[in-house]
Amino acid sequence: MSIITIERKILEKNDLIAEENRKKFKEKNIFTLNLVSSPGSGKTSLIEKSLEIINKEIKISVIEGDVQTGLDAERVGKYGVPVVQIVTNGACHLEAALVRDAFRAIEALDTQLLIIENVGNLVCPAGYDLGENMKVVILSVAEGDDKPLKYPAMFRKASVLVINKIDLLPYVNCSPEALAENALSINPELKIFKTSCTSTEGIKEWCRWIASNIN
């Protein structure tokens with residue numbers, strides 16, 4: 001019982017800071033996406049392909065979360081966007097306080113879109129609000145079509161599902177139709193994109209949706 005109480009207090013504190021973040025982002029008219037997935041789903045590659053298309057028309061900043069190293073921030077930084085790396089040193093998710101502190105490094109910049117790449121994990125990040133407008137869950141077809149049923153909390157709290165690496169469909173046992181059906185059974189409001197960062201299929205549609213949310 002004491003463990004549950006401690007966890008509740010931690011989440012309550014996180015939610016308070018998340019609301020502060022959300023208020024600040026709203027005041028600055030920043031559309032914020034929290035990208036969540038398991039490791040290797042292609043989050044960083046999706047960011048890179050998105051930057052290739054929309055970086056010239058939208059002012060973008062990125063917060064990168066990772067257990068170790070700044071490799072993803074280095075990759076994204078090559079596109080000329082402001083990037084802040086958060087290294088969690090083993091923690092399996094980002095928290096609102098970490099995002100608040102990271103945002104201070106770019107707060108003075110003119111940002112229209114803030115992309116937060118969360119730590120690769122389909123469990124812990126589902127419970128932590130960062131102050132984002134939307135959670136975007138990215139799932140590669142290599143992971144199978146049953147993941148929404150195994151990790152329902154993540155899909156229930158997401159607004160968007162990106163089914164990624166569809167170029168691998170001939171080589172893996174996954175039905176994108178079954179995957180989408182399973183995800184929609186958890187959250188009927190999910191908006192779904194099917195993408196490949198290798199062939200670029202679906203990337204323009206994804207980017208058009210992002211642009212439609214920028215005021």
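Separation of the range 127-196 from the range 10-42 is 19 Å, based on Cα centroids. Compared with the alpha-carbon gap, the fully stretched path from Arg208 to Asn29 is longer by 62.6 nm at 0.36 nm per residue. Averaging the sequence gap over all C-alpha pairs within less than 8 Å and six or more residues apart, then dividing by the number of residues, gives the range 2-212 a relative contact order of 24 percent. Each of Tyr79, Tyr171, Tyr151, Tyr128 was scored by other Cβ atoms within 10 Å of its Cβ. Arranged with the fewest first, they read Tyr171, Tyr79, Tyr151, Tyr128. For the chain, modelled as a GNM with alpha-carbon contacts under 10 angstrom, which of Ala158, Ala105, Ala18 fluctuates the most? Highest fluctuation of the listed residues: Ala105.
Comparing Glu48, Glu95, Glu189 in a Gaussian network model of the chain, where Cα atoms under 10 Å apart are tied by springs, the biggest mean-square fluctuation is seen for Glu189. In terms of overall dimensions, the chain has a Cα radius of gyration and Dmax of 16.6, 52 angstrom.
Based on Cα atoms of the range 106-215, Rg over Rh with Rh as the Kirkwood radius reads 0.98.
On full extension, the segment bounded by Cys92 and Glu19 gains 24.1 nm, given 0.36 nm per residue less the C-alpha separation. Between Val172, Val137, Val36, the GNM of the chain built on Cα springs shorter than 10 angstrom shows Val172 fluctuating the most.
Residues Thr198, Thr32, ranked from the fewest to the most other C-beta atoms within 10 Å, line up as Thr198, Thr32.
Values in this text are rule-based calculations from the coordinates and carry no lab data. Keep in mind that this is a model prediction, so the values were computed, not measured. Glycine also receives a Cβ, built like all others from the backbone with ideal geometry; neighbour counts cover every protein chain displayed.
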